Amino acid sequence: MDIASSSRSKRYGYIELGTGKASLNKISWFLLKFLSSLFLVVWFCEFLVYYLVIMQCKWPILKSTPDQDNASPLKAMFLSDTHLLGAIRGHWFDKLRREWQMERSYQSALWLLQPDIVFILGDLFDEGKWSNTKSWDEDVARFRRMFRHPPHTELLVVVGNHDIGFHYEMTHDKLNRFEKTFNLTSGKVVTRKGINFVLVNSVALEGDNCAICRTAERQIIEASLKLNCSRMRGEPPLLQNCRGVEPLSPSAPILLQHYPLYRKSDSECTGEDSASQDEKNSLFQERYDVLSHEASEKIQLII
Ligand SMILES: *[C@@H]1O[C@H](CO)[C@@H](O)[C@H](O)[C@H]1NC(C)=O
Ligand SMILES: *[C@@H]1O[C@H](CO)[C@@H](O)[C@H](O)[C@H]1NC(C)=O
């Protein structure tokens, strides 16, 4: 009895071991296939797709004018409202997803399109207006890592209401912190390949004569004088003020600011990226969605 049962159990043992081996192979084969497909899907969706999509974007082809024949054009990329989430309202998973997506699309675009200069037109941070020094430093470090760029590409930013607060909550400290971090002043004129860009703090164009507003307006007038002198524009007595003013390129400037200039609504905007019909019909609020009518006219006149 003993012998019979033990040999049976041995036989069973052998058979069981055999099927065990076979199913183990099957399982590991299945796992391997599953994991490689998973890896491919993740790699495609989280990495490759950015290249495939951005590869379809091309720089516009410029018709060169006789005096520009030899000049290479300036390749400028414009981004805005990156709103890096902050410590107060940001959820870590939301941060992780959004920032990965932003970083990948930005890095893929840099690699494929090789811009000379990138501008981010304000609201870099969601909570710059609230954040204490520690969270500000953390947010800035994340921003610098995500928007890192090779030395032949330049990154310039302008300030938005989320970075320093709307006009009523904007303070010197918050503005200085932003300007120091990003080496910026309102009314700064940046000239690249003969093109003048004027970077303006549009949050300070409230027109109520607040201290920050006064400084910002003075800086814009200084920029205006420089630009006028370079273009020999303005009344003759005015041009006498040009002595000692550093000459800029004589081209018309491009105004860069966070708030759009005044317009009633988006109803006249067309094209692929324009808003839906409903949104186009909704009216803009001055000093909130767009600059005030008055400030817009003033700035268009002097710049
Ligand atoms: C800051 O900007 C000024 C021009 O306004 C420039 O001369 C200077 O090199 C910049 N500093 C840094 C650290 O980029
Ligand atoms: C520059 O010229 C424009 C147009 O002539 C003028 O309105 C503006 O006041 C001038 N800017 C300065 C600072 O004089």
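Every read-out reported here was derived from the displayed coordinates using simple, explicitly stated rules and does not represent laboratory data. Quick caveat: nothing in here was measured; it's all calculated off a predicted structure. We place every Cβ from the backbone using ideal geometry, glycine too, and count neighbours over all the protein chains shown.
Is the C-alpha gyration tensor of the range 170-220 telling us rounded, prolate or oblate? Criteria: a/c under 1.5 is rounded; beyond that, a/b larger than b/c is prolate, otherwise oblate.
Verdict is oblate for the range 170-220.
So what's the Cα pair-distance distribution over the range 50-156, bin width 5 Å, in %?
Histogramming the range 50-156 at 5 Å steps yields 2, 11, 18, 20, 17, 12, 8, 5, 3, 2, 1, 0 percent.
How large is the charge dipole for the chain, taken about the Cα centre, if only the Cβ atoms of Lys, Arg (+1) and Asp, Glu (-1) carry charge, to the nearest 20 debye?
Roughly 1420 debye, rounded to the nearest 20.
Which value at 222 nm does the chain reach when only helices count, each DSSP H run of 4 or more adding -39,500 (n - 2.57), with the total divided by all residues and rounded to the nearest 500 deg cm²/dmol?
The helix contribution divided over the chain gives -14500 deg cm²/dmol.
Give me the dipole magnitude in Debye, nearest 20, for the range 154-253 about the Cα centre, with unit charges on the beta carbon: positive for Lys and Arg, negative for Asp and Glu.
440 debye
Calculate, axis by axis, the spread of Cα positions in the range 69-131 along the three principal axes, and write the results as whole Å, longest axis first.
Answer, in whole Å and largest first: 52, 23, 11 Å.
Order 149-159, 245-255 from most to least packed using the mean count of other Cβ atoms within 10 Å.
Averaged packing, sorted descending, gives the order 149-159, 245-255.
Pull up the cross-link candidates among the aspartates and glutamates for residue 264, meaning alpha carbon to alpha carbon under 20 Å and not fewer than 8 places away within one chain.
Leaving aside aspartates and glutamates fewer than 8 places away in the same chain, those within reach of residue 264 are 206, 273, 278, 279, 286, 289, 294, 297.
For the chain, what relative contact order do you get, as a whole percent, if you take Cα pairs closer than 8 Å and at least 6 residues apart?
Dividing the mean separation by the residue count of the chain yields 13 percent.
Return the lysines within reach of residue 180: Cα separation strictly under 24 angstrom, same-chain partners fewer than 8 residues apart disregarded; answer none if there are no such residues.
Once the sequence-local lysines are set aside, what remains near residue 180 is 129, 134, 188, 226.
What is the Cα coordinate range of the range 89-231 on the first, second and third principal axes, sorted by size from largest, in whole angstrom?
Over the range 89-231, Cα extents along the principal axes are 47, 37, 19 Å.
Using only Cα atoms, what is the ratio of the radius of gyration of the chain to 2.2 N^0.38 Å?
With N residues counted in the chain, Rg over 2.2 N^0.38 Å equals 1.52.
What's the longest bit of the chain with no exposed trypsin sites (Lys or Arg not before Pro), using DSSP loop states and at most 13 other Cβ atoms within 10 Å as the test?
Within the chain, the longest run free of exposed trypsin sites (Lys or Arg not before Pro) spans 149-232.
Would the range 180-303 count as rounded, prolate or oblate if I go by the C-alpha gyration tensor, calling it rounded below 1.5 in a/c and otherwise prolate when a/b exceeds b/c, oblate otherwise?
Prolate, since a/c reaches 1.5 and a/b exceeds b/c.
Mind listing the phi-derived Karplus ³J(HN,Hα) values for the range 31-36, rounded to whole Hz, using 6.51, -1.76 and 1.60 with θ = phi - 60°, and x for any glycine or proline?
Result, rounded to whole Hz: 4, 4, 5, 4, 5, 5.
Taking Cα pairs under 8 Å and at least six residues apart, what relative contact order does the range 100-190 come out at, in percent?
36 percent
Out of the range 214-277, which GluC sites (Glu not before Pro) are coil in DSSP terms and have no more than 16 other C-beta atoms within 10 Å?
268, 272
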